[in-house]
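The values are calculated or read from the model by the stated rules, or taken from the named source; none is laboratory data. What you see is a predicted model; the values in this text were computed from it and never measured. Please note: Cβ atoms are built from the backbone with ideal geometry, for glycine as well, and neighbour counts cover all protein chains shown. Calculation scope for accessible area: heavy atoms of the full protein, side chains included, ligands and nucleic acids excluded. Shrake-Rupley method; radii C 1.70, N 1.55, O 1.52, S 1.80 Å.
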Amino acid sequence: MTRRAAYEAQQKRRANMIAGVSTMIVLALVIVLVPLAPGWEAVRASFFNGEVFVRVFPDLLRAFMLDVAIFAWSVPMIFALGLAIALARGNANPALFPLRIFGAVYVDLFRGIPVVLLVYLVGFGIPGLGLPRPWNSPYIWGTVALVLTYSAYVAEVLRSGIESIHASQRNAAICLGLSERDTMRYVILPQAIRRVVPANMNMLVALQKDVALLSFIGPVEILRQAGIFKSLLANFTPYVAAAVIFLCVTVPATRYADYLLNKDRDARS
Amino acid sequence: MPDPRLSLRGVTKSFDDVQVLRGIDMDIAPGEMVCLIGASGSGKSTLLRCMNGLEPVDDGEVLLDGVDIAEPGFDLGPIRQRIGIVFQSFNLFPHMTAYDNVALAPRRVLGEEARERIEALFARFGLADHMRKYPDQLSGGQQQRVAVIRALAMRPQTMLLDEITSALDPELVGEVLDVLRRLRDDGMTMVLATHEMSFAREVADRVVFMDQGVVAEEGTPERIFSDPQRARTQQFLRSVAR
Ligand SMILES: Nc1ncnc2c1ncn2[C@@H]1O[C@H](COP(=O)(O)OP(=O)(O)O)[C@@H](O)[C@H]1O
Ligand SMILES: [Mg+2]
């Protein structure tokens, strides 16, 4: 081992030890102090009841599959629409100017409204028109609300990706005789999409969480199911169990997005 | 003299009120190799980019085989196949293999797969073993040769080359210059902006010295390098000789 490596190894051991000790102290404080709070027994009984947890967990997991399903069918629509809006906003053809305006208004509008509000407006408003089955389904209109919001975000992310591709790439393609369309399709977009994968991963994590908002308009997905259990058992533990299920999905996904982001940054530096 | 392949007549070009090209006249004969020399900022790149319509000119004519391609509104699409251009910074598409970089435009524009022709080009320029690699797996010299092959795959009659060795480590310059020697032997019409004075002297049919947006002096390499007439030319050649 070189002198330098030995020194760095020693520094690292020291840092690890300090981090370990300070973590232990904080943990110990939490474990000792929290139970001393006057309401702790009541909170533990209504939020961290092991029996209730075990009892509701399988049903919540089953309900969560509905969240996953709504997520799964929303994602392709979100990306297709997001891409269409991004391209509409980027086109320079004067004949298609209305499309550009439409894209800009769309993005401003649906990024500007809180998701939950849109879920209410679309999810209650449109079936309220008295549409025949199945067009009055809250699944359809809840999904529409999510797709409207998230496609607006994805459109902006894609557009920033497209604009981040250096003009020299476009020039090289145009000079080879490629049309504007082929240049976008074969040269710009593939690079732009790759570049915004991490940002879109974070978007997907947010979407997975926001699917739970559909519980407000009917579908018995995990949040709604937890609410039913709460009323049934007069206990809040089902909500904690639901949170645990969400974390099992969102934490690895967020970590993966961070990993991609770091890899991308390393590759570019 | 045969009809020129490319003629410029009174070409001017400004960027934000700064006139970068101030009336350029030039004739390039078929098969001729013209080297553009001049200080950085003298307008060489801009001139090359005006020759294939990548930059629209403000005024004047750019005649390709007698047709004015600088006319506002002229459809440059078909013209671009006839004039290849290679840039200092290669500008390969990083998400495609070397082969796909070359094959994209023939496939989309000419509608031909051209596999054998492209493989022959790679083989000819010593890159047969590198076709399946991505640009970031190739050295600078190899990348630049791929960029030349990419332009050649469209079967251009004229090649514009903008300081294509300037971004390369010195030991890689030679392999790219060799490519140009072979193109010259093929009779390709070429306009080459370069800082490689000894190469210009060796291969050019004509050397054009640009200074502040005008052609300050032009002539055979022998004349320009051995017996420059203008003070500005003498000064520039002294500055690069150092
Ligand atoms: N796209 C552009 N926008 C503004 N100025 C430019 C642009 N391209 C070139 N110029 C300016 O034009 C002048 C000539 O540049 P260039 O043609 O690149 O010269 P050279 O290739 O001889 O170094 C320079 O002063 C440069 O800053
Ligand atoms: Mg230049």
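Below, the figures for the structure above:
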item	result
Nearest-0.05 FRET efficiency for A:ASN262 and A:PHE48, computed from C-beta distance (R0 30 Å)	0.30
Bridge type composition, chain B - antiparallel percent by DSSP, nearest 5	55
Between segment B:75-95 and segment A:76-127, the alpha-carbon center distance in angstrom	35
Gaussian network model of chain A, Cα within-10 Å springs - most flexible of A:VAL220, A:VAL105, A:VAL26	A:VAL26
Label-point separation in nm, A:ASP108 to A:MET1, each point 7 Å along Cα→Cβ	6.2
Mean-position separation - Cα centroids, segment B:151-188 and segment A:128-200, in angstrom	38
Cα centroid separation, segment B:1-40 to segment A:230-261 (Å)	67
Cleavage-rule hits (GluC sites (Glu not before Pro)) in segment A:161-269: DSSP loop, at most 12 neighbouring Cβ within 10 angstrom	none
Order by protection proxy (mean Cβ within 10 Å, highest first), peptides B:14-22, B:94-102, A:201-209, A:12-20	B:94-102, A:201-209, B:14-22, A:12-20
Percent accessible area from carbon and sulfur atoms, segment B:96-242, protein chains only, probe 1.4 Å	44
Whether the protein assembly as shown is rounded, prolate or oblate, judged on the alpha carbon gyration tensor where a/c under 1.5 counts as rounded	prolate
GNM result for chain A, Cα springs below 10 Å: residue of A:ALA95, A:ALA86, A:ALA243 fluctuating most strongly	A:ALA95
Relative contact order (percent, whole number), segment B:1-147, Cα cutoff 8 Å, 6+ residue spacing	19
Estimated FRET transfer efficiency when R0 is 30 angstrom, pair A:ILE165-B:GLU171 (beta carbons, to 0.05)	0.45
